[in-house]
1. Considering only residues that are of a type in the set (S, T, N, Q) and in contact with a Pro (Cβ under 9 Å, 6 or more places away or on another chain), which ones fall in region 105-121?
2. I'd like the full set of residues that are among the small types (Gly, Ala, Ser) and surrounded by 18 or more Cβ atoms within 10 Å (Cβ to Cβ), limited to region 126-152.
3. Got a number for residues in region 84-111 being closer than 15 Å to residue 145 by Cβ and surrounded by fewer than 18 Cβ atoms within 10 Å (Cβ to Cβ)?
4. Hey, any hits in region 87-94 for a residue that's among the aliphatic types (A, V, I, L, M) and touching a strand residue (DSSP E or B) at 6+ places or on another chain (Cβ under 8 Å)?
5. Counting only residues that are among the hydrophobic types (A, V, I, L, M, F, W, C), free of Cβ contacts under 8 Å to residues at least 60 places away in the same chain and over 15 Å from residue 79 (Cα atoms), which one in region 116-125 is surrounded by the fewest Cβ atoms within 10 Å (Cβ to Cβ)?
6. Could you grab me the full set of residues in region 114-154 that are among the hydrophobic types (A, V, I, L, M, F, W, C) and under 22 Å from residue 59 (Cα atoms)?
Amino acid sequence: MTEDTKAVNPHTGQPLPPLPADVATPSPATGTAEAAAISAQVGTPPKQSGPPQLSSMPSAQELAVRSVLETVMDPELGLSVIDLGLIREVHFLTGKTLVRMMLTTPFCPYAPQMMADVKQATESAVPQPAEVEILPDAWSPDMMPDPGLLGFSY
């Protein structure tokens, strides 16, 4: 590369450091074995083919459960348990689905009804019994994906 066309990191916009003189730059025609050898010299791992193997990616079942839980509303606030960030975890265990959620207030008078609604919605999305567990953690609007729904501006 010339001085006029320096490589730029697309994420930060900062110029990339120059490669050592003894490391060749891979070209599009470079084979995967050669690219892996060059990557090892530069210190970057070779690219993997196929979908990313991330454990934090939600499964299709979890996406289905979270989607159907958007219909379960907090009767006092008029927002879904998803919009409020009340659903903290969804686990698929052998023989049951465990949904761990919190309440907006510790002594919410609507807790039994909301738990029943979450259980019913979960069982409609996944063909196994569901259990809903209330977490003792304190809720705050910053747990919401969009706190602006309550009129807060962060």
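Each value in this text was obtained by applying a stated rule to the coordinates, not by laboratory testing. Owing to the predicted nature of the structure, the values given are computational and were not obtained by experimental measurement. No Cβ is skipped: glycine too gets one built from the backbone with ideal geometry, and neighbour counts run over all protein chains shown.
1. 113
2. 130
3. 1
4. yes
5. We begin by selecting, within region 116-125, every residue among the hydrophobic types (A, V, I, L, M, F, W, C); these are 116, 118, 121, 125.
Now restrict to residues that are free of Cβ contacts under 8 Å to residues at least 60 places away in the same chain: 116, 118, 121.
Right, trim to over 15 Å from residue 79 (Cα atoms) and you get 116, 121.
On the way: 116: 12, 121: 20.
The residue in question is 116.
6. 118, 121, 125, 126, 130, 132, 143, 144
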